[in-house]
Amino acid sequence: MEKSASRTTATALVLATAGTLFTAMAPPASAAASCASPVFQRQFYANTSFSGTPKKTDCDEAVDQNWGTGAPASGLPKDNFGVRWSVTRDFGSGGPFALPVSAQDGIRVYLDGSRKVDLWKNVSTTVKKTANVTIPAGRHTLRVDFVNWTGAANVSFDYKPRTTADVDKVKPLTPTGTSVTYDKATGKARLTWAKNKEMDLAGYRIYRRLKGTSFPATPLATTALTSYTDSTLPVTGDAYYYEVRAYDRAGNESGGTADQLVTTVDRVAPGVPAITEATGEVRPGGAGTGGLEVRWDKVADGAAYRVFRATSENGTYTAIGRTDQLSYLDTSAAESKAYYYRVSAVDAAGNESARSAPYEGRIWDNDPPPLVTGLDVTPTEYGFELNWDKSPATDLRYYTVYRGELVGDEDDGDERVCHGSLVEYALPGTTSYSYTTLPDGDEVCFFVDAVDDEYNSAAQWSPDGPRAVVVTELDMTPTVATPEGSPLHLSVEGARGDEGNQLTWSGPSAQGFRVYRWNPATSSYERIAELAGTASQYVDTGARRGTTSYYWVTGVLADGTETLPAGDWAVTAPARGTTLSSPSES
């Protein structure tokens, strides 16, 4: 199909007759057509030598016509005519191209005047050929000459880049005209560049790097357009560089453009500080408190810190100060009152972090209560009964009771010291304590400490330490030893109320079981229960509270004899005391 466009000019002849104007059009003449690349300029000749002035000149988007046996254009013969196409264009980096042609009759193809295809004779059928050429970078001219001597006329020509990776080794040219703009309001960067001229161009790759680092191997984005908007830039106040690279369909990539710099706005808040301490002390001699000091860890981007305070953990926090240090002295804090603090970090751009977790602080009262006086320790059948004087301290939180052993040898001149372990916390209104243990005649020591609301310990702060009472246990051990080798195993749990001591045993089956309890008055184990062979437990409700009870359990065999006894014990304190039921606690 013929594709053409033509431009004609006409000359007007003006005749004046009897005051009347007549206008006539002169016959059209050929005019040179201006065809924008890559459109071909096409010229028609009424000969096969392309001599003389073309009969017609127009623009043709493609060389692909079939005129059959007719004339190619009005005013031209149907035989012995010539048509010439030419185009000059920029091929960018150039590279390998294929020039496929087909024609009836003759066709010649030229690249910058150098003939690349020559099928120049009168034929009765269409002939075809493809020439592979390398087109250098830059602007070049292609020209196609076609002639028809006789018969049918058709012609086709194209130029196509060869894009397989084994053939095309030519990289695209580096893109030009690159520029970047940055929108501080949105935090987006927009890059633009000029379009590459390569016909086998596949697109562009955009790379981004943080200042001081290299461009990564993987591009930030790929596009076929000549612009890209980066909406992923961190708004951290850092500097980033961009470059654009072109790549073709064979995978060849151009060099990178000159780096394009963008410095982002900083909208990222610093990290959240962590408070490490909030405390103050009463100054000696009535000199006041000096304030409550709050300390926190350094935050990397923190240029300053804001301090907030509330009177309850989930209360309203009010800003009380700002500092560029890692501590703040709250001089308005009152003594012994709990405050809650939170701290935020502020960077140089004014971004503020979230507030730290609440941290309780107070100005501590370091004045301990006086030492406990009047401690009296009485050995009992269940261990010891302790009594002491009520502390005069008005801010007493609790008493602590310590039991220990004397360390040091008097025979060597050493001072004997009570090395004690905490055994009980006692309420402020308490002045006595029942300490249960297996009374077996050991020498032990006790002392009692007073602790105030600020956890100041009288014993800890006293230069001489607390007064310890040394006392020897009663020896409640039965004079009859429990023999070894019993097939039974017995454990006893002391009563905590009126339920009685509970005995539990295990071992081989028997016709029955007998339970014995030690009687110190008779110095013997007396039988208190006769049980069936199915029994494995017994509750002794006859045991007295506030003493140590020793037990035996034997198995009764078929012949009426008893096994060796299994023994255990239980200590029961008075009703307000605690119970100890394991020998390991003695």
FRET efficiency for Asn66 and Thr223 from the Cβ-Cβ distance with R0 = 35 Å, rounded to 0.05, comes out at 0.30
Can you compute the charge dipole magnitude of the chain about its Cα centre, using +1 on each Lys and Arg Cβ and -1 on each Asp and Glu Cβ, nothing else charged? Give it in debye, rounded to the nearest 20. 8320 debye
Report, by chain and number, residues whose modeled amide H sits under 5 Å from the one on Ala543, excluding near sequence neighbours (fewer than 5 apart, same chain). Asn501
Would you calculate, for the chain, the mean residue ellipticity at 222 nm contributed by helices, counting each DSSP H stretch of 4 or more residues as -39,500 (n - 2.57) and dividing by all residues, to the nearest 500? 0 deg cm²/dmol
If you compute Cα extents along the principal axes in Å for the structure shown, which of [x] 66, 57, 51; [y] 166, 82, 59; [z] 75, 55, 47 do you land on? [y]
Diffusion constant of the stretch 259-356 at 10 °C, which comes from Stokes-Einstein with the Kirkwood Cα-pair radius and 1.306 mPa s, µm²/s: 108 µm²/s
Take the stretch 179-263, drop everything but the C-alpha atoms, weight them equally and run the Debye formula without solvent; then report log10 I(q)/I(0) at 0.15, 0.20, 0.24 Å⁻¹ to two decimals. -0.53, -0.90, -1.22
Sparsely packed GluC sites (Glu not before Pro) within the stretch 480-535, loop by DSSP, other Cβ within 10 Å at most 13: Glu484, Glu499
If you find the alpha carbon centre of the stretch 320-372 and of the stretch 532-560, how far apart are they in angstrom? 64 Å
Taking 0.36 nm per residue of sequence separation and subtracting the Cα-Cα distance, how much length would be gained by fully extending the chain between Asn154 and Ser86, in nm to one decimal? 22.7 nm
Between Phe215 and Arg322, what is 0.36 nm times their sequence separation minus the Cα-Cα distance? Round to one decimal in nm. 34.4 nm
For the stretch 12-160, the dipole about the Cα centre with charges only on Cβ (Lys and Arg +1, Asp and Glu -1), to the nearest 20 debye, works out at 260 debye
Could you pull out which residues in the stretch 468-502 have an amide N less than 12 Å from a spot 7 Å beyond the Cα of Gln537, following the Cα-Cβ vector? 493, 502
So how much slack lies between Val39 and Trp461, counting 0.36 nm per residue of separation and subtracting their Cα-Cα distance, in nm? 141.7 nm
Can you bin the stretch 12-160 into rounded, prolate or oblate? Criterion: square roots of the alpha carbon gyration tensor eigenvalues sorted a ≥ b ≥ c, rounded for a/c under 1.5, prolate for a/b above b/c, oblate for the rest. oblate
Please give the net charge around Leu396, taking every other residue with its beta carbon less than 10 angstrom from that of Leu396, where Lys and Arg add +1 and Asp and Glu add -1. -1
For the stretch 153-161, Karplus-derived ³J(HN,Hα) couplings (6.51, -1.76, 1.60; θ = phi - 60°; whole Hz; x for glycine and proline) come out as 10, 8, 8, 9, 8, 8, 10, 10, x
Provide the FRET efficiency to the nearest 0.05 for the Glu415-Arg527 pair, computing r from the beta carbons and using R0 = 41 Å. 0.20
Calculate the spin-label point distance for Ala239 paired with Thr141, positioning each point 7 Å from the Cα along the beta-carbon direction, and give it in nanometres. 4.9 nm
Where does the charge balance sit around Asp90 when Lys and Arg score +1, Asp and Glu -1, over other residues with C-beta under 12 Å from its C-beta? +3
What distance in nm separates the simple spin-label points at Glu499 and Ala304, each placed 7 Å from Cα in the Cβ direction? 6.7 nm
Net charge near Lys169, counting Lys/Arg +1 and Asp/Glu -1 over other residues with Cβ under 14 Å of its Cβ? -3
Going down the table (Lys188/Lys298; Lys116/Lys169; Lys128/Lys169; Lys56/Lys121; Lys116/Lys195), which pairs top 26 Å between alpha carbons? Lys188/Lys298; Lys128/Lys169; Lys116/Lys195
Long-range amide H partners of Gly383 with built H, under 5 Å: Thr437
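None of the figures in this text is laboratory data; all of them are computed from the coordinates on show. Quick caveat: nothing in here was measured; it's all calculated off a predicted structure. Quick reminder, even Gly has a Cβ in these numbers, built from the backbone with ideal geometry, and neighbours come from all protein chains shown.
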